[in-house]
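The values are calculated or read from the model by the stated rules, or taken from the named source; none is laboratory data. Because the structure is predicted, anything quoted here is derived from the model rather than measured. Using ideal geometry, Cβ is built from the backbone for each residue, glycine included, and neighbour counts are taken over all protein chains shown. For accessibility, only protein heavy atoms count, side chains too; no ligands or nucleic acids. Shrake-Rupley method; radii C 1.70, N 1.55, O 1.52, S 1.80 Å.
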Amino acid sequence: MRILVLGSGAREHALAWKLSTEPAVTSIVCAPGNPGIARSIPTAALDPLDTDAVVHFVDDHQIDLVVVGPEAPLERGIVDRFVAQNRRIFGPTRAAAQLETSKAFAKDFMARHGVPTARFQVCAGTDEALAVVAEGTLSDIMRSSV
């Protein structure tokens with residue numbers, strides 16, 4: 001099995017290393033990777049946010065599975081596109097990735113489903129956030145949740 005790991009951080013380094021130890025894996029490449037990853041795993045100068053380029057890379061290199069590490073390609077829907085094209089990819093859909101990519105979404109989700117979480121207030125911008133702080137609302141929230 002030929003695998004492409006998307007990303008350049010420690011998470012992707014660990015994923016690439018572990019996947020490279022699996023007997024069924026015949027080759028692995030990490031894109032874009034980093035100098036540490038490049039010491040043991042081939043890397044490719046590929047932007048994980050450029051889904052078209054990733055698709056072309058997968059086709060050109062006959063990749064069997066893509067493993068997505070960073071949030072940004074997930075947030076942009078790379079998994080949804082691959083699934084729609086019947087391509088193998090490991091990662092959450094765009095909708096599911098919101099739990100990680102949007103703190104406001106995650107906090108609202110936890111509140112709706114009774115998941116214990118600290119109190120919060122979502123503000124639309126800097127002015128609103130400063131007004132909340134000035135009103136003392138934030139201090140009240142912090143005191144009452146301790």
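Over every Cα atom in segment 1-62, the radius of gyration and the widest Cα-Cα span, Dmax, amount to 10.9, 30 Å.
Here the spin labels are modelled as points 7 Å beyond Cα on the Cα-Cβ line, and at Ser40 and Ala118 they lie 3.5 nm apart. For segment 89-113, backbone nitrogen atoms closer than 14 Å to the point 7 Å from Thr21 Cα along Cα-to-C-beta are found at no residue.
Close amide H partners of Gly7, meaning residues 5 or more places away or on another chain with modelled amide H under 5 Å apart, are Ala31, Gly33. Along each principal axis, taking the top coordinate minus the bottom one, the Cα set of segment 66-113 gives 35, 18, 14 Å in descending order.
Could you list the trypsin sites (Lys or Arg not before Pro) in segment 8-73 that lie in coil according to DSSP, counting only those with at most 14 other Cβ atoms within 10 Å of their Cβ?
On the way: sites: Arg11, Lys18, Arg39; in loops: Arg39.
Counting only loop positions with at most 14 other Cβ atoms within 10 Å, the trypsin sites (Lys or Arg not before Pro) in segment 8-73 are Arg39.
Protein-only accessible surface at a 1.4 angstrom probe places the residues Phe109, Phe82 in the order Phe109, Phe82, largest first. In this simple spin-label approximation, Arg11 and Asp108 carry label points 7 Å from Cα along the Cα→Cβ vector, and these lie 2.2 nm apart. Taking max minus min of the alpha-carbon positions on each principal axis, the chain gives extents of 59, 33, 29 Å, largest first.
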